[in-house]
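The values are calculated or read from the model by the stated rules, or taken from the named source; none is laboratory data. Given the structure is predicted, the values throughout are model-derived calculations rather than measurements. Counting neighbours? That spans all protein chains shown, and the Cβs are built from the backbone with ideal geometry, glycine included. These area figures cover heavy atoms from the full protein model, side chains too; ligands, DNA and RNA do not enter into them. Shrake-Rupley method; radii C 1.70, N 1.55, O 1.52, S 1.80 Å.
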Amino acid sequence: MKTLFQTVAVAFSMFSAVPMPQFPWDAKNMRYALCAFPLIGVLIGGLGWLWWLACGWLGFPALVRGAGLCLLPLWVTGGIHLDGYCDTHDALASHAGPEKRQEILKDPHIGAFGVMRLCGYLLVSFVLWATLPDYAGVPIWLSFVLSRCLSGLAVATFPLARGSGLAYTFAAAADKKRVARRLCVASLLLVLALCWFRLRGMGMALVALGIFVHYRRKSEREFGGLSGDLAGWFLQRAELGMLAALWLVEWLEGIV
């Protein structure tokens with residue numbers, strides 16, 4: 001039980017801003033930390049649902065509701081994934097080779113292209129949340145969990161770009177075969193659960209899987225392998241893509 005608690009705490013300490021007890025990370029509590037990573041998605045989805053209900057009860061306007069839903073994942077995660085999203089777009093905008101792009105990813109400063117992409121991402125996210133006709137509670141909840149299951153699965157199975165960094169730290173400490181097996185099963189179950197919600201869920205699942213396949217090809221071809229920044233880039237794109245798919249289906253259903 002102690003190791004289980006520490007494993008969850010390691011995942012939350014690294015991938016969220018939620019306060020956690022401090023203790024040394026070791027082989028035991030990091031072995032399955034990637035399997036605990038999706039629990040952060042459970043928290044985000046649950047808080048988002050509560051915020052949507054609270055806005056309805058209090059009569060808040062759609063803009064306030066949308067702003068909260070847009071910023072809530074950022075508050076919970078501390079922006080770790082969005083940081084990787086920005087760094088990756090800076091690297092892609094360089095049009096350089098894989099080695100040079102990896103150097104750009106290591107740079108702690110954000111470039112002009114990263115800033116533009118960040119502003120665009122937050123604007124699109126805000127608009128989608130603010131104009132979403134209805135909060136499809138369970139599918140949205142599942143989407144935050146699925147994005148993290150697929151992200152953890154990639155860290156355990158994709159080729160790594162270098163022998164250092166966040167992705168390497170967790171990949172090296174993980175029992176890769178068991179972690180990959182469990183996250184693969186969890187991802188499959190989540191996809192099937194989404195498909196239960198017909199067009200809404202099926203559209204979200206297809207978008208997530210499509211972005212995952214593109215992530216594999218892009219990480220190898222453009223960067224020579226996966227890194228922590230690329231993992232954040234994937235997660236942010238998967239979540240925004242699933243939200244856009246849900247918004248589109250609900251919009252189409254509203255005009256038919």
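Points to keep in mind about this one:
- Remark: pairs (first residue in segment 81-98, among the charged types (D, E, K, R); second residue assigned to a loop (DSSP other than H, G, I, E, B) and open to solvent by 10 Å² or more (accessible area, probe 1.4 Å); Cβ separation under 8 Å; 6+ apart in sequence or on different chains) = ASP87/ASP107; ASP87/ILE110; ASP90/ASP107; ASP90/ILE110; ASP90/GLY111.
- For segment 212-236, a tally of residues being buried (at least 21 other Cβ atoms within 10 Å of the Cβ) and out of contact with any Phe, Trp or Tyr (no Cβ under 7 Å at 6 or more places or on another chain) returns 6.
- Within the set LEU189, LEU153, the sole residue that is open to solvent by less than 50 Å² (accessible area, probe 1.4 Å), part of a helix (DSSP H, G or I) and more than 25 Å from LEU252 (Cα to Cα) turns out to be LEU153.
- Leading residue by the ranking (modelled with the lowest pLDDT) among those in segment 117-149 that are under 12 Å from LEU69 (Cβ atoms) and not in a helix (DSSP H, G or I): TYR135
- Failed condition for PHE158, given (1) out of contact with any Phe, Trp or Tyr (no Cβ under 9 Å at 6 or more places or on another chain); (2) closer than 15 Å to GLY232 by Cα; (3) open to solvent by less than 70 Å² (accessible area, probe 1.4 Å): (1)
- Segment 1-28 - residue that is assigned to a helix (DSSP H, G or I) and in contact (Cβ under 8 Å) with a residue 40 or more places away in the chain and, of those, least open to solvent (accessible area, probe 1.4 Å): PHE15
- When PRO61, PRO19, PRO73 are checked against the criterion of being of a type outside the set (Phe, Trp, Tyr) and under 17 Å from ALA238 (Cα atoms), PRO73 stands alone in meeting it.
- Of everything in segment 61-75 that is under 14 Å from the mean Cα position of the chain (by Cα) and buried (at least 20 other Cβ atoms within 10 Å of the Cβ), the residue that is farthest from VAL124 (Cα to Cα) is PRO73.
- Scope segment 192-205; condition free of Cβ contacts under 8 Å to residues at least 60 places away in the same chain and not in a helix (DSSP H, G or I); matching residues: TRP196
- Taking first residues from segment 227-256 that are in a helix (DSSP H, G or I) and partners that are open to solvent by less than 10 Å² (accessible area, probe 1.4 Å) and of a type in the set (Phe, Trp, Tyr), the Cβ contacts under 7 Å between residues at least 6 apart in sequence or on separate chains come to LEU230/PHE223; PHE234/TYR215.
- Scanning segment 83-97 for residues that are at pLDDT 80 or above and open to solvent by 60 Å² or more (accessible area, probe 1.4 Å) gives a single hit, ASP83.
- When residues in segment 29-45 are screened for being of a type outside the set (A, V, I, L, M, F, W, C), open to solvent by less than 10 Å² (accessible area, probe 1.4 Å) and more than 13 Å from the chain's Cα centre (by Cα), 1 of them pass.
- In the set GLY68, GLY114, only one residue is at pLDDT below 90 and in a helix (DSSP H, G or I); that residue is GLY114.
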